[in-house]
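J.: What follows is a single structure, and I will ask about it in a moment.
Please treat every number below as a calculation from the coordinates, not as lab data. Being a predicted model, the structure only gives us computed values, none of them experimental. Note that each Cβ is placed from the backbone with ideal geometry, even for glycine, and that neighbours are counted across all protein chains shown.
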Amino acid sequence: MLTELWNDAEGGFHPASAPDFLPKTALVQVQLRRLRAVVSLAYDNVALFRARMEERGLTPDSIQRLDDIQQLPFTVKADLRDTYPFGLFATPMSDVVRLHASSGTTGKPIVVAYTREDVGVWSEVMARTLACCGLHRGDILQNAFGYGLFTGGLGAHYGAEALGATVVPISGGNSDRQIMLIRDFGVSALCCTPSYFTYLIERAAELGVDLRALPLRAGIFGAEPWTDGMRDHIEAAAGIKAYDIYGLSEIIGPGVASECSAQEGLHIFEDHFYPEIIDPETGEALPDGEEGELVLTTLSKKAMPMIRYRTRDITSLISEPCECGRTIRRMRRIGRRSDDMFIIRGVNVFPSQVEAALLAVEGTLPHYQIILTRDQGLDQMTVEVEVTPEVFSDKIRALEDVRARLAKAIEHILGIRVGLRLVEPRSIARSEGKAKRVIDRR
Amino acid sequence: MKLQQLSLFLENRPGRLGAPLEAIAKEGINILTLSLADTAQFGILRLIVREWDKAKQVLEDAGWVVNLTEVVAVDVLDRPGGLADALAVLEGAGLNIEYMYAFSVRRDDKAILIFRFEDPDRAIQVLVEKGLHVVDGDELLSVVSG
């Protein structure tokens, strides 16, 4: 038995983690029972779901086996925007105890709702997430996810309290204070976006604080895709284990899936969130192991059930047993989102590919940004990379050489010509939440 | 004998040179000399100041990446051939110059040459042996500020 399963400082297996170890047959029974209930709830209370099911001649009784889910219509992000703000709620507002919303960078935000029971489920899956990352009572978790309309802050907060850990609810930003508290409180775990944590590493070095010498041992990172290279950098520079967690507001917020000590894929809490992989072009369901778009159905959400929600995230499901002993399936780390992707001169490009090239040349990931422009009808891609003390030299030739090597590494991976511009440190806007890597000016 | 030169990375666009100079001026730090090397995209500002450690701190706190390099200052008579003579000595000794810049000082009819050598220690040894005058920090300060 791995010590990871023993999450309570008083020497017990944390009861919240029990569903992670359900035998497959028991799990399927729970999933089917909950699926039938959630489809009924949505059919009875949400006009959009009802209309779409009727179009297909379906009723809640059409769901007899788990595979019957494949007959159900998809839900997409546009549905949330079209029904803004409350059109997809399945319960009256008197049962809703919480609203969250996306930042809404383009047009209307999307709004999500929780009943008291939903908040309970969310706390449970976030407690399971943190337990999966090896946290237990007695741990001090600094929660640097933003508190507010964004689901990250409050989701992690409730989960940590449910687990019995000590929460430091610092929220995002104020990096100098973040570092001071990590040191002064003896913080053992921290959660935030991976890009913000790389900034904290940078800032701690400037302040002369060696994170590796502090009790900090686990980083719980989510809300944006990040690469294995970035993980290696974070783990080495901060002396911690860096765990990837996954979630999205439309489904519940953080708490949909989490890595365990094996760091070989993320366990999906599939007793609450039923995963499918589909071919993003045809919508056909794909078997476990094949790569495609992740589609999630909330099995127990009351205020705002989501049926077959298309996440735009590209991954595959792993049904083989995990060395940690959990029986719930895993998904591979999300390297790319289908909406992060951009097409330039007919080539599909993911920011993670650019990231891999920059890492290969510099050893650590510099701050960068991809600028897309159109010049006389031709798409141009320019990567702006901040100069770091490691690569800066007083000699022009040395800098030209760095610039050329970076450009060549990116061109090698993408197979297209790119512009590469070295820019001044801190000239690319920092984000306390999700990093904005691509600026499309076409 | 060696001088500390600060180098800064600047983007090559209007207004970028002023900001670091203002930052150190605000701290009352006087620039003894500077040079600017540039390409179409970026430039490197090289500065020699009296309180280089304080200037470095000020610039780094303001967010610039600052590189510290040891350079060598030599003074020669400000007359035709003054620089050529000094270069001949260096060339004869096989010393590799990464880059150099120069400025003249009216009062003493001297020109000060700043060299970035691959091996500054050996360069100083050669310069002194050949009878050239290597200027140290205090001297440079007194020459420049009179």
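J.: Can you bin chain B into rounded, prolate or oblate? Criterion: square roots of the alpha carbon gyration tensor eigenvalues sorted a ≥ b ≥ c, rounded for a/c under 1.5, prolate for a/b above b/c, oblate for the rest.
T.: prolate
J.: Residue by residue through segment A:129-138, what is 3J(HN,Hα) from phi via Karplus (6.51 cos²θ - 1.76 cosθ + 1.60, θ = phi - 60°)? Round to whole Hz and write x for glycine and proline.
T.: Computed from phi, the couplings for segment A:129-138 are 4, 5, 5, 4, 8, x, 8, 7, 4, x Hz.
J.: According to the Cα gyration tensor, what semi-axes, each the square root of 5 times an eigenvalue, does the equivalent ellipsoid of segment A:342-440 have, listed from largest to smallest in whole Å?
T.: Over the Cα atoms of segment A:342-440, the semi-axes work out to 21, 16, 13 Å.
J.: Take A:260, A:324 and order them by how many other Cβ atoms sit within 10 Å, fewest up front.
T.: Ascending Cβ contact count within 10 Å gives the list A:324, A:260.
J.: In whole Hz, with x marking every Gly and Pro, tabulate ³J(HN,Hα) for segment A:260-273 from phi via Karplus 6.51 cos²θ - 1.76 cosθ + 1.60, θ = phi - 60°.
T.: Each residue of segment A:260-273 in turn: 10, 4, 6, 6, 10, x, 10, 5, 8, 6, 7, 6, 10, 10 Hz.
J.: Skipping prolines and chain starts, which residues have an amide H placed within reach, meaning under 5 Å, of the one on residue A:146, given they are 5 or more residues away or on another chain?
T.: A:153, A:172
J.: Could you run the Karplus curve 6.51 cos²θ - 1.76 cosθ + 1.60 with θ = phi - 60° over segment B:52-59 and give me ³J(HN,Hα) per residue in whole Hz, x for Gly and Pro?
T.: In residue order, the calculated couplings are 5, 5, 5, 4, 4, 4, 4, 5 Hz.
J.: If you stretched the chain out fully between residue A:29 and residue A:264, how much longer would it get, using 0.36 nm times the residue separation minus the C-alpha to C-alpha distance?
T.: 81.9 nm
J.: For residue B:117, list long-range residues whose amide hydrogen, built 1.01 Å from N in the peptide plane, is under 5 Å from its own amide hydrogen.
T.: Those qualifying (amide H under 5 Å, at least 5 residues apart or on another chain) are B:72, B:98.
J.: Right, here's the next one. For chain A, take the longest principal axis of its alpha carbons; what is the angle in degrees between that and the long axis of helix A:351-362, to the nearest 10 within 0 to 90?
T.: The answer is roughly 40 degrees.
J.: Considering the convex hull of the alpha carbon atoms of the protein assembly as shown, report its projected area averaged over all viewing directions, in nm², one decimal.
T.: The Cα convex hull of the protein assembly as shown, projected and averaged over all directions, gives 32.7 nm².
J.: Also, quick follow-up: How far, in nm, would the chain grow between residue A:217 and residue A:86 when pulled straight, counting 0.36 nm per residue and subtracting the alpha carbon separation?
T.: The residue A:217-residue A:86 span can extend by a further 43.0 nm.
J.: Taking only C-alpha pairs under 8 Å that are 6+ residues apart, what is the relative contact order of segment B:3-69 in percent?
T.: It rounds to 47 percent for segment B:3-69.
J.: With a Förster radius of 25 Å, plug the Cβ-Cβ distance of residue B:109 and residue B:4 into 1/(1 + (r/R0)^6) and report the FRET value to the nearest 0.05.
T.: 0.40
J.: If I take every Cα pair under 8 Å that is 6 or more residues apart in chain B, average their sequence separation and divide by the length, what percent do I get for the relative contact order?
T.: It rounds to 27 percent for chain B.
J.: Taking 7 Å along the Cα-to-C-beta vector as the label spot, tell me the residue B:62-residue A:108 distance in nanometres, rounded to one decimal.
T.: Each label point lies 7 Å from its Cα, and together they span 4.8 nm.
J.: Report the full-extension gain for the segment residue B:26 to residue B:38: residue separation times 0.36 nm, less the Cα-Cα distance, to one decimal in nm.
T.: Stretched out fully, the residue B:26 to residue B:38 stretch lengthens by 1.8 nm.
J.: Taking amide H atoms as placed 1.01 Å from N in the peptide plane, list the residues 5 or more away in sequence, or in a different chain, whose amide H sits under 5 Å from that of residue A:313.
T.: Residues meeting the criterion, in which the H sits 1.01 Å from N, are A:294, A:338.
J.: Computed from the mean reciprocal separation of all distinct C-alpha pairs, what Kirkwood hydrodynamic radius does segment A:97-255 have, in Å?
T.: 15.8
J.: Can I ask one more? May I ask you to derive the FRET efficiency for residue A:137 and residue B:84 from their Cβ-Cβ distance with R0 = 51 Å, giving the value to the nearest 0.05?
T.: Rounded to the nearest 0.05, the efficiency is 0.05.
J.: So if R0 is 35 Å, what FRET efficiency would residue A:185 and residue A:332 give, r being the distance between their Cβ atoms, rounded to the nearest 0.05?
T.: E between residue A:185 and residue A:332, to the nearest 0.05, is 0.50.
J.: Counting only other chains, what is the mean number of Cβ atoms within 10 angstrom of the Cβ of each residue in peptide A:398-410?
T.: Taking all residues of A:398-410 together, the mean is 1.
J.: Moving to a separate point now. Looking at chain A only, what percent of DSSP beta bridges run antiparallel? Nearest 5 please.
T.: 65
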